[in-house]
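Right, one structure below, let's go through it.
The values are calculated or read from the model by the stated rules, or taken from the named source; none is laboratory data. Keep in mind it's a predicted model, so treat the numbers as computed, not measured. Here the Cβ positions follow ideal geometry from the backbone for every residue, glycine too, while neighbour counts run over all protein chains shown. Surface accessibility is based on the protein's heavy atoms, side chains included, excluding ligands, DNA and RNA. Shrake-Rupley method; radii C 1.70, N 1.55, O 1.52, S 1.80 Å.
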Amino acid sequence: MCRASEPPNIVLIGFMGAGKTTVGQELARLGGFRLVDLDALIEERAGRSIPEIFARQGEETFRDLESEALRTLAGARRTVVATGGGIVGREENWTMMRRLGKVIYLRVRPQTLRARLGAGEGRPLARRPGGWTETARLLERRIPLYEQADLIVDNEKGGSPREVARLILQKLSEE
Ligand code: S3P
């Protein structure tokens, strides 16, 4: 819940490699927010890395841990949450994200994502046998979900993370 005088929390969504953490850091710096990187929070709570969680416990358990981590943020204030790319897959996550604050989709073109993701180091879902074809399919399936955000902001090569963060803060202040 946010008070009239306080800026809303910001929840950044988007595909792997969209720059959620980097833009989140700039938003935190410029807007005086606390930054929560949800993947880092999951790892901290689980005591193991995301690739380890996927390998030992599987994706469904990872998704449970992801929803639980998001749940711990209820009531947060002046916070930017950089989520993982798959957060949009569960309806309950949407309820929690919308309760938290403004949901912003950082949109990046497939070719740019492909270049940024490279070999998918540290990202189990970008390292599957099907290679980029498989990853691109996942992206296609998720785009309509990302587009349910309150605001869509492009994060292509041209703009620096700081410029993108400034644009987001400006758009929010105009609402
Ligand atoms: C995932 C994205 C990752 C991480 C996990 C699953 C996904 O986060 O949560 O590997 O399903 O797209 P980033 O989007 O920060 O890479």
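The figures follow:
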quantity: Which numbered condition residue 56 fails, given (1) within 23 Å of residue 138 (Cα to Cα); (2) in contact with a strand residue (DSSP E or B) (Cβ under 7 Å, 6 or more places away or on another chain); calculated: (2)
quantity: The one condition in (1) closer than 21 Å to residue 28 by Cβ; (2) within 11 Å of the ligand (Cβ to nearest atom) that residue 62 fails to fulfil; calculated: (1)
quantity: In the range 1-26, residue nearest to residue 87 (Cα to Cα) [restricted to those that are outside any helix (DSSP H, G or I) and among the β-branched types (Val, Ile, Thr)]; calculated: 13
quantity: Search result, residues across the range 94-122 that are in contact with a Ser or Thr (Cβ under 9 Å, 6 or more places away or on another chain) and within 12 Å of the ligand (Cβ to nearest atom); calculated: 113, 117, 120, 122
quantity: Selection within the range 60-93 - among the polar types (S, T, N, Q) and either open to solvent by 10 Å² or more (accessible area, probe 1.4 Å) or within 19 Å of residue 23 (Cβ to Cβ) (or both); calculated: 61, 72, 79, 83
quantity: Qualifying residue in the range 27-42 (condition: part of a loop (DSSP other than H, G, I, E, B), open to solvent by 10 Å² or more (accessible area, probe 1.4 Å) and out of contact with any Gly (no Cβ under 6 Å at 6 or more places or on another chain)); calculated: yes
quantity: Pairs, first on the phi < 0 side of the Ramachandran plot in the range 26-41, second open to solvent by 50 Å² or more (accessible area, probe 1.4 Å) and in a loop (DSSP other than H, G, I, E, B), C-beta under 7 Å, six or more apart; calculated: 33/78; 34/78
quantity: Count of residues meeting criterion [within 12 Å of the ligand (Cβ to nearest atom) and either open to solvent by 60 Å² or more (accessible area, probe 1.4 Å) or acidic (Asp, Glu) (or both)] in the range 49-59; calculated: 3
quantity: Qualifying residue in the range 31-48 (condition: more than 10 Å from the ligand (Cβ to nearest atom) and in contact with a Cys (Cβ under 8 Å, 6 or more places away or on another chain)); calculated: no
